[in-house]
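Remarks on the structure that follows.
The values are calculated or read from the model by the stated rules, or taken from the named source; none is laboratory data. This one's a predicted model, so the numbers in the text were calculated from it and none came from an experiment. Cβ coordinates were reconstructed from backbone atoms using ideal geometry, including for glycine residues, and neighbour counts include every protein chain displayed.
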Amino acid sequence: MILDYVFFFRITGLTVGNRLNYLWLFLIIVIGICVNGYGYKGDLFFDFIEIFIFYLMYKKLTDRYLILGSFTIIFNVDIILDIIRTILLGIIIDSTSKNMMLNLNFLLAILSCLIIIFIIKKYSYKIKLQLSGDNKQIFLWLSCYLFLVNIIICLVYTETKHVPSVTVFFITFLIIQAIFALGIYRLIQKEQRQLIKKKDQEKLKQNQRHLEEYATYLEKSEDDLRAFRHDYRNILNSLKISAQEGDVQEVIQKLDKYTETNLNSEALLKYKDVNHLYVKSIKSIIIAKLTEIYNLKIPYNFECRNKIRKLPDHIDELDLVRIIGITFDNAIEESKALLAKDKKAEIQSMIYLDNLGEFEYEIRNKVQDKNISTNQIQERGFTTKKDHNGLGLANIKEIENKYPDMSISYMVQDGWFDFYMVIETEDGEEDD
């Protein structure tokens, strides 16, 4: 019983906690001792008591799937070891004295404890990953099903002296089903890994396309600037006479015509200031989002006036990538909705790092609803989008809670939604 609780706390990462929890734990152990002589019926009753009390104790501290799944795994391990021990004792019962039988039973019990200790050290973390991953519901149901199969086998074995052929068939069928269910789960995991790998490869290809497009853009901009530098003296000479004669209007018209025919100002501003970003992960997500916005023909502006070569040391780059990705996606979705209604859309964004290392990120976009509640939009599950789970800003809230120096604010004013994030730190270095 003590090893089972060690197993539980190792999987969940919890601790016993306050003094009241120790009293509850002591009560559970007393109940376990009291029902010890009632066989598997008593064990089944005690298992439900255990799960119920532990769920009440820790439901606010961790996910319910982790609590329920941990116990079903533990119960399965206990029952399977008990079945193996019973089978071994049954094989040699006829050729063993009573004293030898007690000694053997004790040795097998010690061996079972050693096996549990090995499983705790070897597989606790892997079990936790299964119970907290994307397949946690499937894994929990599979574990519950295996527990049901095991407990039925044990009850039939201990309660029925004469096992009819129908019962044997039923138990065999359950075992085959359990093995089949385990096989199906492994196939699901394999298929998911392949899908994730394929998705990652597609994402890498997409990022590669964005980077190639950015490189093409830089080459095109360089060619345009080189051509402009080659021509500007001739242009100035042709405009000099008009300027000397005081014909300012003609000078303006010629300049406008040249700009319109030789410089595509919109294309030149497509990745403005992106060259100041030297953090590859941040630069990549910005390029991807600006490319998407440009292709959707949404008016936008991006600013990064100073060179950013590093981020605050205590901040995970991937967390910032997630925040930037979520906020840009929200702005793009809202802008697409406005354009669909023939309304004006616009996105403005900015990244800044000051001399002391304080990092700022801001993104603004026009919105349809001017009465958005900034508190409500951060709640998990809230969304204004059809068929959407509404986890974006709630996920940002969870990231913000990880960093004491990170501050995020939301504001809706004059038809604009404004997201502003600042990371205060004194570890930054000046970037010229």
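Quick check on segment 250-297: of everything there that is under 21 Å from THR327 (Cα atoms) and basic (Lys, Arg), which residue is modelled with the lowest pLDDT?
The residue in question is LYS270.
Name the residues in segment 283-314 that are crowded, with 17+ Cβ neighbours inside 10 Å and touching a strand residue (DSSP E or B) at 6+ places or on another chain (Cβ under 7 Å), would you?
LYS283, ILE286, LEU290, ILE293, ILE298, TYR300, PHE302, CYS304, ILE308, LEU311, PRO312
Cβ contacts < 7 Å: first residue free of Cβ contacts under 8 Å to residues at least 60 places away in the same chain, restricted to segment 106-118; second residue among the basic types (Lys, Arg) and assigned to a helix (DSSP H, G or I), any location; separation 6+ or different chain. Result?
Cβ pairs passing all conditions: LEU108/ARG85; SER112/ARG85.
Quick one: ILE87 ticks every box in (1) out of contact with any helix residue (DSSP H, G or I) (no Cβ under 9 Å at 6 or more places or on another chain); (2) farther than 16 Å from ALA109 by Cβ except a single one, so which number is it?
Of everything listed in (1) out of contact with any helix residue (DSSP H, G or I) (no Cβ under 9 Å at 6 or more places or on another chain); (2) farther than 16 Å from ALA109 by Cβ, ILE87 misses just condition (2).
Which of the residues spanning segment 1-16 are of a type in the set (Ser, Thr, Tyr) and either more than 19 Å from THR72 (Cβ to Cβ) or free of Cβ contacts under 8 Å to residues at least 24 places away in the same chain (or both)?
Result: TYR5, THR15.
Checking the structure you have, find out if any residue of segment 315-327 is surrounded by 15 or more Cβ atoms within 10 Å (Cβ to Cβ), closer than 18 Å to TYR420 by Cβ, touching a Phe, Trp or Tyr at 6+ places or on another chain (Cβ under 7 Å) and at pLDDT below 90.
Yes - at least one qualifying residue is present in segment 315-327.
When you go through (1) modelled with pLDDT of 90 or more; (2) in contact with a strand residue (DSSP E or B) (Cβ under 7 Å, 6 or more places away or on another chain) one by one for ILE332, which number turns out not to apply?
Unmet condition: (2).
Need pairs with beta-carbon distance below 6 Å; first residue modelled with pLDDT of 85 or more and within segment 411-425, second among the basic types (Lys, Arg) and exposed (fewer than 15 other Cβ atoms within 10 Å of the Cβ); sequence gap 6+ or separate chains.
Filtered contacts from segment 411-425: GLY415/LYS370.
Condition first: surrounded by 13 or more Cβ atoms within 10 Å (Cβ to Cβ) and either assigned to a loop (DSSP other than H, G, I, E, B) or without any contact (Cβ under 8 Å) to a residue 12 or more places away in the chain (or both). Now tell me which residues in segment 17-42 satisfy that.
Once the filter is applied, which keeps residues that are surrounded by 13 or more Cβ atoms within 10 Å (Cβ to Cβ) and either assigned to a loop (DSSP other than H, G, I, E, B) or without any contact (Cβ under 8 Å) to a residue 12 or more places away in the chain (or both), segment 17-42 yields GLY17, VAL35, GLY42.
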